[in-house]
Amino acid sequence: MARKRGDDALLLGNQLCFAVYSTAHAFNRVYKPLLDALGLTYPQYLVMLCLWERDGQAVKELGELLHLDSGTLTPLLKRLEAAGLVRRARDAADERQVRIHLTAAGRSLREKARAVPLSILCASGRTSDELKALQKELASLRDRLNAASV
């Protein structure tokens, strides 16, 4: 079948979304053995990063940071709690909110996780500055797409 003019827009290799999608899978393949050594899944690692940055966040805050709804986040937090890495507690000032706190085991896991970003940097074959610029561009694109989908 002959391609018509303008059909290039429908080629898989020309789809930005596919490049992002397949890159996400490549990231997951690199992260998996690193995170397996920590006993974490990738979404659990993201939660731990947020808590290592600021302990005691509300579930709602974590959901906003991670772009996850509570239906996805709550089971994730329950598994982290069962693993002894976090504890969930009602906010004393507002019983409607649940705050997530690191346990001693959760805090100590941070030291073991320090090697992960360097491993990702090395696997990328890019410089730190190149990856920071790419991250900034992707975050900007995500924010614009989110704004357009409202």
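The values are calculated or read from the model by the stated rules, or taken from the named source; none is laboratory data. Nothing here was measured: the structure is a model prediction, and the numbers come from that model. Cβ sites come from the backbone with ideal geometry, for glycine too, and all protein chains shown count toward neighbours.
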In region 21-66, the residues that are touching a strand residue (DSSP E or B) at 6+ places or on another chain (Cβ under 6 Å), in a helix (DSSP H, G or I) and more than 20 Å from ALA115 (Cα to Cα)
VAL59
Can you find a residue that is modelled with pLDDT of 95 or more, among the acidic types (Asp, Glu) and surrounded by 12 or more Cβ atoms within 10 Å (Cβ to Cβ) anywhere in region 84-97?
no
Can you find even one residue in region 114-131 that is over 30 Å from LEU16 (Cβ atoms) and at pLDDT 95 or above?
yes
Are any residues in region 108-121 surrounded by 11 or more Cβ atoms within 10 Å (Cβ to Cβ), of a type outside the set (A, V, I, L, M) and free of Cβ contacts under 8 Å to residues at least 40 places away in the same chain, and if so, which ones?
SER108, PRO117
With criteria (1) over 17 Å from the mean Cα position of the chain (by Cα); (2) surrounded by 14 or more Cβ atoms within 10 Å (Cβ to Cβ); (3) assigned to a helix (DSSP H, G or I), HIS101 comes up short on (3)
Under 7 Å between Cβ atoms, at least 6 apart or on separate chains: pull out the pairs that start in region 33-59 with a residue that is in contact (Cβ under 8 Å) with a residue 60 or more places away in the chain and over 17 Å from ALA105 (Cβ atoms) and end on any residue that is surrounded by 15 or more Cβ atoms within 10 Å (Cβ to Cβ) and not aromatic (Phe, Trp, Tyr).
LEU34/VAL116
